[in-house]
Every structure is written in C-alpha cells, then in structure tokens.
C-alpha cells in the first residue's frame, strides 16, 4: 500500500511538473510565434473619377483581391478619399461636394459639404476635415476646413494656391501639393504659412502621404515618386518609377501608389512598395478605370483573437495544476 501511495505521489509530481513546463513554454513561445506569423491586414478603397472614370468607389484587400469593385456608385467625378473610424468621405469634383458613406458602402449623406469649387483631395485631423479646391485661375486654389459632421470651420482657410491637390498632415502641419507651380507648401492646420515653397523643382505633384518624418510625393508629370523629410530636405527625389502617379497611401511600412496610366482605357493600377522604395507588387491591382484617390484602413488582426485563445488555454492548464 505504501508503495502504491508513493507511486501516486510521484505521478502527481510528474504531472505538475509537466503542466508547469507546458505553461512556461506557452507563455514564452506562443506570443513570439503569433507576432511573427500574423500580419496586420488592410482594406484599400479606390475612386474611379475624372473624365474617363466610372464614378465609383471600389474596395480591395491589401493582397490585391477584389472585395467589391462597385462598392459605391452614382458619384460625380470622385477623386479624394479619407476615412475616419467607419466613415468614408468622398470629394466629388463634378458637383463640388463631399459625400459621406460608411466603409461598407452605405450612404450617410451624399451632400455633407456643398458649394466647393473643384474639390480634389481630403485630409482628416481629429474631427476636422480639410479639402483642397482647385478653384479658378492660376492662383484661385484654396483649402477649406470643415468638421466631419459637415459644419464649416473656415471655407477659405488657405488661399492663393496654384491648383492645389494632395494633402497630408503631420502634427499641426498641413502639407499641400501645388500642381500648378510644382511645389509643396507647408502651413499650420490653423491656416498660417510656414513655408509656401518648402519643396520645389517638382513636376506636377499630385498625391502626398507621410510616414514618420518622411513625406512622399507623386510627380504626375515626371512619372515618379519622390521622398523628402517633413522639413523639406531631399531624401531621394527619384525613389522609383510610376505610371502617371496620382494618389498615395501608407500602411505600416507599405506604400501604395495609384498609377492612372492612360485614362481613356481601363489600364490603371495600384502598386505596392516598401517605404524604402523596394517593389513588393507593382501590379497589385490592375484593370482600373481612371483611378485617382486612395485610402487604406487596417482591419482587426486575427492575432488578437488568437491571443485570447492562448489566455483561455493557460487558464485551463493553471486550473489543472492547482488541482494537484
């Protein structure tokens, strides 16, 4: 009997040691494995506008798969896109409006903001929405500021611009691509001029995007992407080639570029690159009709659910350990 009891105690000790070892391995190894294997996923929204577009917003995955090529239809020459939470804002150049939809394509307000003059691109900071307007004449362009609810903050926040297009925000600084005079201007989000010619020598700059302290510029006329610091220093004025690039977007370390191509045929595309200029997939999405604006939004990671599952497993193992 004593021998049997001692054998039982030994078995229990072995079981306890085994469970403890399993817990230790899970705690150390599983988060590392998950972090290495789970990549954050994103959805890409693309406008098809201008004279040759089909007046839609399409939705795609960041691996290039089509979710819905006609997520939103019936627009009027849509160009700029911006996302805030579950809201998708669209600049309609054709009728001078900004419309609001959810990211599932449902209409919220097709005329959230009206009375604009050639709205092109949009940038969002908190509850404020900035819109570039090409306006009339060589220096008739301007930037207007509104709330994401559609209220006017300052319809003429920055004026006297030369065909302003792309917008990007870093902190309290607003960067503007001036297609008409080949510059990038820097302003505060309150409208004060910091440097109206922060970056010069460009060729018809259109899209802008920022990653950290780096400012990426799409040179439509030269057919390339340039990289600069937000202080205006040149990092690489010719980071890589592009085919009439327009919109730009950054997601983590990936840079997405809209190549409008020849707008009279559906040969527009989206290319994916690293922020250092290395090609990932220059033809990530193809067959687009006059693509212009782009917005990229992360989707919930599978890793979060997986980590919850790991937590539950650890709790079960600890409960079994405590029984002995």
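Values in this text are rule-based calculations from the coordinates and carry no lab data. Computed from a predicted model, the values in this text were never measured in an experiment. Neighbour counts are summed over all protein chains in view; Cβ atoms, including those assigned to glycine, are modelled from backbone coordinates with ideal geometry.
Which ordering of 107, 288 is given by a fewest-first count of other beta-carbon atoms within 10 Å?
107, 288
According to a simple spin-label model (label point 7 Å from Cα along Cα-to-Cβ), what is the distance in nm between residue 192 and residue 156?
Calculated label separation equals 2.1 nm.
If you rank 222, 139 by fewest surrounding Cβ atoms within 10 Å, what's the result?
Ordered by Cβ neighbours within 10 Å, fewest first: 139, 222.
With a ≥ b ≥ c the root eigenvalues of the C-alpha gyration tensor of the range 42-302, is it rounded (a/c under 1.5), prolate (a/b larger than b/c) or oblate? Before the final figure, lay out each step's value.
Numbers: a/c = 1.37, a/b = 1.05, b/c = 1.30.
The shape class here is rounded.
Provide the FRET efficiency to the nearest 0.05 for the residue 54-residue 243 pair, computing r from the beta carbons and using R0 = 22 Å. It would help to have the intermediate numbers written out before the result.
On the way: r = 19 Å, r/R0 = 0.87.
So, using R0 = 22 Å, E works out to roughly 0.70.
Can you give me the distance in nm between label points at residue 138 and residue 278, each placed 7 Å from the Cα along the Cα-to-Cβ direction?
4.5 nm
Considering Cα pairs under 8 angstrom that are at least six residues apart, work out the relative contact order of the range 42-302 and quote it in whole percent.
14 percent
Gain in length, residue 117 to residue 73, computed as 0.36 nm per residue apart minus the alpha-carbon separation, to one decimal in nm?
Values: separation 44, 0.36 × 44 = 15.84 nm, distance 2.18 nm.
Using 0.36 nm per residue and subtracting the Cα-Cα distance, I get 13.7 nm.
Along the Cα-to-C-beta direction of residue 253, a point sits 7 Å from the Cα; which residues of the range 195-226 have their amide N less than 16 Å from that point?
211-214
Can you compute the modelled spin-label distance between residue 86 and residue 267, with each label point 7 Å from Cα toward Cβ, in nm?
In this crude spin-label approximation the distance works out to 4.1 nm.
Based only on other Cβ atoms within 10 Å, what is the fewest-to-most ordering of 225, 280, 83? Write down the numbers at each step before the final one.
Numbers: 225 25, 280 14, 83 17.
Lowest to highest Cβ neighbour count: 280, 83, 225.
Counting alpha carbon pairs within less than 8 Å and at least 6 residues apart, what relative contact order, in whole percent, applies to the range 125-267?
In percent, rounded to a whole number, it is 13.
So for the range 41-96, averaging the separation of alpha carbon pairs under 8 Å that are six or more residues apart and normalising by length, what relative contact order in percent results? Intermediate results must be reported in sequence, preceding the final value.
Values: 113 pairs, mean separation 16.1, N = 56.
For the range 41-96, the relative contact order is 29 percent.
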